[in-house]
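Note sheet for the following structure.
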Amino acid sequence: MAFTALDTSQNSRNLIPCMGDKGISAVGRYYTKRRTNSKILTADEARRLSDACITIWTVYQNRHREAVDFSSVKGKQEAEDALDYARNVVNQPVGSGIYFSADFDASEATFNNAIRPHFEAIVAAFVAAGNPYRIGVYGSGAVCKSLLEASLIQLTWLSQSGGFRGTADFKRSRRWNILQALPVANFCDFDDEVDPDEINNDIGDFGGFSLRPAGVAQPMAAQPVAIAAAPSISSIPLPANAEFPGMPAFRGTPLHRGEVGSPDVKAVQARLNSLGFGKLVTDGDLGEGTQNAILHFQARNSTPDGKPLPIDGEVGATTWAALFGQGAVFKAQDFDAKTPMRQLVIDIAASQIGVVEQPHGSNRGPEVDVYISTTGLDPATGAFPWCVCFLYWVFDQAAKIKGKENPLPKTAGVISLWNQGRRTEAQVVRKSEASARTVTPGMIFHLDLGGGKGHAGLVIEVRDDHIITIEGNTNSGGSSDGFGVFRRDARPITSSVLLGYLDFCDV
């Protein structure tokens, strides 16, 4: 049996070379209450797996094999324990996932009376902590489906036990992120059997992570470094960006050594202080101390596409964007109105790669709020999914530059965009018609993830049987509930959850 992912209760550090030789690219490992338990993922093992370009996913389990193991009290305690271990021991990257186990065939009554309250408490604990990670479940099809439709989890890992309630139906639905297979013995000298796993390529993302620094090659793109919310600059007289009023506009020329009393330098000093790169006096003077802090920041950060920042001690557009966000350097006048609509849309979307929510998981932030507001929603009144809001904003900017009306229906919903868009003059490519011949750059793909939820993104290139895309409200793995604007390089042209494609570029 060939497989590229597995889960194991054994520390794998000494078996990493063998796993690499056998093509293993992802490993599932455990968090648990007792820190000395031999099955727990250690920080050293996580580093070694990451260094070998093996992606990690984690599951928290303290028995969890009968109803008595679940309650709101236990859910809160286990969530807090998992958060502490992930953050302070493993240093698990923000935005990745932690699965929680429900490893038995739970009845509907057990789900309602024990498992659901348990996960409601987990959600509350994660919210109180600022939602640093996404929540998943390992369990039966019925439990996966019920928690997913209750919006208590974002990730599902379907147990190998095919006889469990609802498992066969949930497996056929392909709404799972990970599918566990029956164990195999004598694999790479593991003492115990290992469980092969299948990653659902229709979805792509499964909450995995790596500890390798950004910009180092690995099997899935690195999560961006979490950036703290920008400090208030209300006392610094800087012009705001025209399109993103909550962000300080880049002045157009680099900040360099020797500037004195500059409000732009004051903003940079305050931002560097908030990010932990110094204890600078915010006096607007770019002297040795400020330049050293800039050099330190540049050495440890990268552009949204993973390229290193110039380490020159000056603050040009790329470093300004890394400090304050992509919106701080966006200028509509930088785009040529003569550019064809299709290319203009792609260029504008690409300019936003690297935008992240502040804080992660909040569906808010200076740029995100603007995307959402463009569709007529007030971002302060709820946590709105914003993948379609991002697309509407992109097309709105392009339309303004071209001096025409936005061709997209004014909606924030994926299913709504699909239904309304088909009644416009947009070209429609349905699921049954999708191929490398019919799908073209500039189209919008639409996924139906069930329960009224969906995901959409912009196609920027077609390669054989997959598409290159730019997506909002996602992450590097392609989640429909992510925290930023990312480029995705391996989404299949068609899948079981695809509705189809709409092309508004020639409308």
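Observations
- Cross-chain or 6+ apart pairs with Cβ under 8 Å, region 285-314 first and at positive phi, then open to solvent by 40 Å² or more (accessible area, probe 1.4 Å) and at pLDDT below 80: Gly306/Ala214; Gly306/Gly215; Gly306/Ala221
- Test result for Phe330, modelled with pLDDT of 85 or more, touching a strand residue (DSSP E or B) at 6+ places or on another chain (Cβ under 8 Å), crowded, with 22+ Cβ neighbours inside 10 Å and among the aromatic types (Phe, Trp, Tyr): no
- Residue within region 357-370 that is surrounded by 23 or more Cβ atoms within 10 Å (Cβ to Cβ), out of contact with any Pro (no Cβ under 9 Å at 6 or more places or on another chain) and assigned to a helix (DSSP H, G or I) present: yes
- If only residues of region 16-36 that are of a type outside the set (A, V, I, L, M) and in contact with a strand residue (DSSP E or B) (Cβ under 8 Å, 6 or more places away or on another chain) are counted, the one that is nearest to Leu155 (Cα to Cα) is Gly28.
- One residue stands out in region 390-411 among those that are outside any helix (DSSP H, G or I) and among the charged types (D, E, K, R): the one that is surrounded by the most Cβ atoms within 10 Å (Cβ to Cβ), namely Lys410.
- Enumeration of residues in region 41-68 that are more than 16 Å from Asp81 (Cα to Cα), of a type in the set (A, V, I, L, M) and open to solvent by 10 Å² or more (accessible area, probe 1.4 Å): Ala52, Ala67, Val68
- Taken over region 248-266, the criterion of being in a loop (DSSP other than H, G, I, E, B) and either of a type in the set (Asp, Glu) or closer than 26 Å to Pro366 by Cα (or both) is satisfied by Ala249, Phe250, Arg251, Gly252, Thr253, Pro254, Glu259, Ser262.
- Cβ pairs under 6 Å, 6+ apart, first in region 346-369 and closer than 10 Å to Phe244 by Cβ and free of Cβ contacts under 8 Å to residues at least 12 places away in the same chain, second open to solvent by less than 10 Å² (accessible area, probe 1.4 Å) and assigned to a loop (DSSP other than H, G, I, E, B): none
- Qualifying residue in region 2-19 (condition: more than 17 Å from Tyr99 (Cβ to Cβ), open to solvent by less than 10 Å² (accessible area, probe 1.4 Å), part of a loop (DSSP other than H, G, I, E, B) and not small (Gly, Ala, Ser)): no
- In region 157-165, the count of residues that are outside any loop (DSSP other than H, G, I, E, B) and in contact (Cβ under 8 Å) with a residue 12 or more places away in the chain is one or more.
- Pick from region 346-386, criterion among the small types (Gly, Ala, Ser) and under 14 Å from the mean Cα position of the chain (by Cα), ranking: modelled with the lowest pLDDT: Gly361
- Ala383 farther than 17 Å from Gly482 by Cα and either touching a Lys or Arg at 6+ places or on another chain (Cβ under 8 Å) or touching a residue at least 60 places away in the same chain (Cβ under 8 Å) (or both): no
- Gly482 in a strand (DSSP E or B), in contact with a Ser or Thr (Cβ under 6 Å, 6 or more places away or on another chain) and surrounded by 22 or more Cβ atoms within 10 Å (Cβ to Cβ): no
- Exclusive hit being more than 16 Å from Gly207 (Cα to Cα) and out of contact with any Phe, Trp or Tyr (no Cβ under 9 Å at 6 or more places or on another chain), set Asn37, Asn14: Asn14
- Candidate set: region 201-213, residues that are modelled with pLDDT under 90 and under 19 Å from Val497 (Cα atoms); chosen: the one surrounded by the fewest Cβ atoms within 10 Å (Cβ to Cβ): Asn201
- Of all residue pairs spaced 6 or more apart or on separate chains, those with beta-carbon atoms under 6 Å, a first member in region 116-131 that is within 20 Å of Asp69 (Cα to Cα) and a second member that is of a type in the set (Asp, Glu) are Ala125/Glu80.
- Among the residues making up region 445-463, those that are aliphatic (A, V, I, L, M), modelled with pLDDT of 95 or more and out of contact with any helix residue (DSSP H, G or I) (no Cβ under 6 Å at 6 or more places or on another chain) are Leu447, Val459, Val462.
- Residue list for region 87-137, restricted to those being within 18 Å of the chain's Cα centre (by Cα), surrounded by fewer than 17 Cβ atoms within 10 Å (Cβ to Cβ) and not hydrophobic (A, V, I, L, M, F, W, C): Arg87, Asn91, Gly130
- Breaking point among (1) in contact (Cβ under 8 Å) with a residue 40 or more places away in the chain; (2) farther than 20 Å from Val507 by Cβ, for Ser432: (1)
- Only a single item in (1) of a type in the set (Gly, Ala, Ser); (2) in contact with a strand residue (DSSP E or B) (Cβ under 8 Å, 6 or more places away or on another chain); (3) open to solvent by 20 Å² or more (accessible area, probe 1.4 Å); (4) not in a loop (DSSP other than H, G, I, E, B) is not met by Gly354, and it is number (4).
- Any hit, region 24-40, residues being among the hydrophobic types (A, V, I, L, M, F, W, C) and surrounded by fewer than 16 Cβ atoms within 10 Å (Cβ to Cβ): no
- Of all residues in region 464-478 being open to solvent by less than 10 Å² (accessible area, probe 1.4 Å) and at pLDDT below 90, the one that is nearest to Val394 (Cα to Cα): Thr474
- Candidates are the residues of region 438-463 that are in contact with a strand residue (DSSP E or B) (Cβ under 9 Å, 6 or more places away or on another chain) and either assigned to a loop (DSSP other than H, G, I, E, B) or on the phi > 0 side of the Ramachandran plot (or both); the one that is surrounded by the most Cβ atoms within 10 Å (Cβ to Cβ) is Met443.
The values are calculated or read from the model by the stated rules, or taken from the named source; none is laboratory data. Computed from a prediction, not measured in an experiment: that's the story for all the values here. All Cβ positions, glycine included, derive from the backbone under ideal geometry; neighbour counts span all protein chains shown. The area values use the complete protein model at the heavy-atom level, side chains included, leaving out ligands, DNA and RNA. Shrake-Rupley method; radii C 1.70, N 1.55, O 1.52, S 1.80 Å.
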